[in-house]
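Every read-out reported here was derived from the displayed coordinates using simple, explicitly stated rules and does not represent laboratory data. Note that this is a predicted model, so its numbers are computed, not measured. With ideal geometry, Cβ positions are generated from the backbone for all residues, glycine too; neighbour counts draw on all protein chains shown.
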Amino acid sequence: MTPEIALTNGGRLPLAAIPVLPFPEFASGVIDLIRHSATPIAYFADQPAPEAPPELFAVLTAATPGTFTVLRSRLAPGFTSLTTRAPQLHLFEREIAEQYGIAASDHPWLKPVRFHSVWHGTTDAWGRDPGRHPQPGVMDFFRVEGAEIHEVGVGPVHAGIIEPGHFRFQCFGEKVLHLEISLGYQHRGIERLLLGGPWPQTPSQIETMAGDTTVGHMTAYSLVLEGLTGTVAPPRAQALRAVALELERLANHVGDIGALAGDVGFLPTASYCGRLRGDYLNMTAAICGSRFGRGLVRPGGVLFDLEPARQARLLQTLADIVPNTRGALSLFFEAPSVLGRLEGVGKVLTDDALGLGLVGVAARACGLDCDTRRAFPVAPYTTENVPAITEASGDVFARARVRQREIEHALAFVRQALENLPAGPIATPLTALPADTLALGLVEGWRGRLAHIALTDAQGRFRRYKVIDPSFFNWSGLAMALRDEQISDFPLCNKSFNLSYCGFDL
Amino acid sequence: MIIRLLLHFLLLAGLSPLLIGVITRTKAIIAGRQGAPLWQPYRDLRRLFGKDMVLSSTTTWVFRAGPVVGIAVPLIAALLIPFGAVGAPLSFSGDLVLFVYLFGLARFFTVLAALDTGSSFEGMGAAREATFSCLAEPTLFVAFIVLARISGSFTLDTMFKTLLANNLQTVYGVSLVLTAICLFIILLAENSRIPFDDPNTHLELTMIHEVMVLDHSGPDFGLILYGAAMKLMVMGTLVVNFIMPPSTGDLFVDAAFYTAALLALAVGIGLVESGMARLRLLKVPQLLIGTSLLSFFALVLLLR
């Protein structure tokens, strides 16, 4: 059995404390943990120096509630794929192959993830020219053969104002047999830009990893840096971060329900929610001057304080828009034609959700209680003040309903937090980063779990910074939801997940 | 005769875009927005007719024929039906068959033009349109048979004239109400309105009618929009004729009554669209078959 190495959310671990296991022992350790219902948070490789051998790291939830286990091994060519035993890891292994040019043997679905050239070295896992930038979308797509099978390709340029991504449907008439999603058009190389950091521009880059999750990603980054330096943000800063995070959740969930209403052609809710989303964004702007919360959260605390006058104004705004929000939502959930359109569409089975490692709203809609705020609480969240919001049916309706219930909770939470803002400073200065340390920060963004993991080198700079956006796992869930569905239901299923392209592409 | 012909054309050409404007405006107001001005569809048409066209190199003359047939058909079909108490300029025994199949012809050409582009989206739209129209056709025929049975005539003009004189208190009341409901549902289905299709959606995978005309641009697209507006008016006429008063004797007063009824119908369509979501594509055939059954029931009640 592997030695127990425990880490908490926002905690740190000296790299020297993590033993480097031989790969077979590492693999059986990971598989054992997953069999005993551990959730894999991250599985990634790291090459400390161009000539040094790459290492493998796996971070999983541990048996003790609220803690994590870290496993470490060496990455050698031909390392065995764990995907057949733990499908949650399939994208991680593809990512390792793409970044380090070392392919896991026996991987059943080894395709590029983001279409960039290999980071170090000269060997490409797919035999492409390592000197040239690969074309996004150039890979072998899964094909269904048959006289009456037809293929529909959508994107990367779409009719709406959305991000680019390519969707390829294998259809039998109107029925989708298989959907393959090919992303990477938004790849900006953020993980590589962070190497050697933190740089002065790092906070801005973190905030734009997924623009709609600015506060979430920045809070996760702050947790990592605070964890590395052993700093704790003052209570007032923590409360303000939580207010901003919940306002982000409110704006996006309300916007999503409006978008769902627009997709099914239910105009009243579509229009009202569009306006209300703006109201919630403006509340964030009232705190920090940016509708998306840019520049608010920083390691050590927050940059903007809330004086009593603005605090009262925010509470007043909230009181004004709460009835409107409830009205727009109940209009939507009480219309029989809307329910008829949402129920039973785009179902994901609980087992599939577990197998694919779905997170956030999509997983909770399949009955999985997987809220980071509950499981790995960081103040002001506790397991008690965040309820388990789950739905059983796993369809578009369940995903919409989870959002509605989370809106209800977030409204109460924001009001409560604003009414009881702790007094005190809004930031603690950070010390220099320690050398050779690993730190982990997890945040429940509005879409789901955001995981940031930093490894520092001997100088206390980032030697690896790993980011896992909820979209990383959940795009596979969308592909699964479309199996045997009507192709005309794709836009609705897509909206019900509402995943980030740039959060996936990084 | 000439005046009646002119009046028909003028009403059709002048009023049809306004109906679209009224529907859009109603939806906007219900949604809490101000909405586009009522004459926006006219501006759109003028803009489109002033544009150049982009033609794909894979298309043939069939692609250009679609919009032309699409506007010619409602123009001809309108001549066969009375606009309220304003009689039809053209009628002969059995013209109801021509009326139904004129729209079949338009659909045939729209579908061919869509397939001509070779796009996978347009192929899907064409398949949907063909399927759903097959299911809508029986209802229209049975509704006409009900009217033919009541009036004892196979001429659309006479059929609807009898309707005006015979109001809903007669023994035919129940059949007439059912038939009017059926025709209203067919109106929504044939004109790709909610709950069957969403004319405002930009999601090519969910569209039915809109996806077939994605490749048309400029004047051709203008013809399609104009033709669609006229089709809405012609089909709408079938519905409003059920509630029109008998002729007052003055042609222009009759025309005014008819216009008012049409505008009220447009508001009604706007209200339906504001109040409900689109159906799942799988459920559309169920509703259309249900409508066919309802129309058969109207016929059975008449024959009992």
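Annotation: extensible slack from A:His158 through A:Glu343 equals 64.0 nm (criterion: 0.36 nm per residue apart, minus Cα-Cα distance).
Considering only A:Gly101, A:Thr83, A:Thr61, and ranking their Cα positions along the charge dipole of the stretch A:6-139 that arises from unit charges at the beta-carbon of Lys, Arg, Asp and Glu, the one farthest toward the positive end is A:Thr61. Taking 7 Å steps out from each Cα toward its Cβ at A:Ala17 and A:Glu148 produces label points 6.3 nm apart.
Per-residue ellipticity at 222 nm, computed for chain B from helices alone with -39500 (n - 2.57) per DSSP H run of at least four residues, works out to -24000 deg cm²/dmol.
Would you work out the charge dipole size for the stretch A:2-153 about its Cα centre, treating the Cβ of every Lys and Arg as +1 and the Cβ of every Asp and Glu as -1, and quote it to the nearest 20 debye?
In total the dipole reaches around 300 debye.
With +1 on each Lys and Arg Cβ and -1 on each Asp and Glu Cβ, how big is the dipole of chain A about its Cα centre, in debye rounded to the nearest 20? Walk me through the intermediate numbers first.
On the way: 44 positive and 51 negative charges, 197 e Å.
Once rounded to the nearest 20, the dipole reads 940 debye.
The distance between label points at A:Arg291 and B:Ala36 comes to 2.3 nm (points 7 Å beyond Cα on the Cα→Cβ vector). The alpha-carbon of A:Lys466 sits under 25 angstrom from the alpha-carbons of these lysines, leaving out residues fewer than 8 places away in its chain: A:Lys111. With a simple spin-label model that places each label point 7 Å from the Cα along the Cα-to-Cβ direction, the separation between A:Arg35 and B:Leu55 comes to 6.9 nm. Spread over its residues, the convex hull of the C-alpha atoms of the stretch A:6-139 is 117 Å³ per residue. Both numbers refer to the Cα atoms of the stretch B:228-304; Rg and Dmax are 16.2, 48 Å. Projected onto the charge dipole of the stretch B:2-303 (+1 at Lys/Arg Cβ, -1 at Asp/Glu Cβ, origin at the Cα centre), which of B:His8, B:Ala298, B:Ala277 gives the Cα projection farthest towards the positive end? Farthest along the dipole direction, towards plus: B:Ala277.
Across the stretch B:12-166, Cα-Cα distances exceeding 24 Å account for 53% of all pairs. In terms of other Cβ atoms within 10 Å, A:His36, A:His253 run from fewest to most in the order A:His36, A:His253.
In the stretch A:129-252, a dipole from Cβ-located charges (positive for Lys and Arg, negative for Asp and Glu) runs towards its positive end, and of A:Thr229, A:Val144, A:Thr208 it is A:Thr229 whose Cα lies farthest in that direction. The calculated FRET efficiency for B:Ala256 paired with B:Ala72, based on their beta-carbon distance and R0 = 35 Å, is about 0.80.
The Cβ shell under 10 Å around A:Ser500 holds other residues with a net charge of -3, Lys and Arg each +1, Asp and Glu each -1. Considering the stretch B:2-303, its Cα convex hull presents a mean projected area of 15.5 nm². Using the Cβ-Cβ distance between A:Arg275 and A:Leu421 with R0 set to 30 Å, the FRET efficiency works out to roughly 0.60.
Taking a ≥ b ≥ c as the square roots of the Cα gyration tensor eigenvalues, with a/c under 1.5 meaning rounded and otherwise prolate when a/b beats b/c, else oblate, which class fits the stretch A:200-469? Verdict is oblate for the stretch A:200-469. Basic side chains Lys and Arg get +1 at the Cβ, acidic Asp and Glu get -1 at the Cβ, and with that the dipole of the stretch A:200-469 about its Cα centre reaches some 420 debye. Here the relative contact order of chain A, from alpha carbon pairs under 8 Å that lie six or more residues apart, stands at 19 percent. Of the DSSP H helices in chain B, those with a Cα length along their own long axis of 24 Å or more and a mean Kyte-Doolittle hydropathy reaching 1.0 comprise B:2-30, B:61-80, B:95-116, B:173-190, B:218-240, B:251-275, B:284-303.
The convex hull around the C-alpha trace of the protein assembly as shown, projected and averaged over every direction, spans 38.4 square nanometres.
Measuring against 31 Å, Cα to Cα, the residue pairs B:Lys51/B:Lys161; A:Lys495/B:Lys27; A:Lys495/B:Lys51 contain B:Lys51/B:Lys161; A:Lys495/B:Lys51 as the ones spanning a longer distance.
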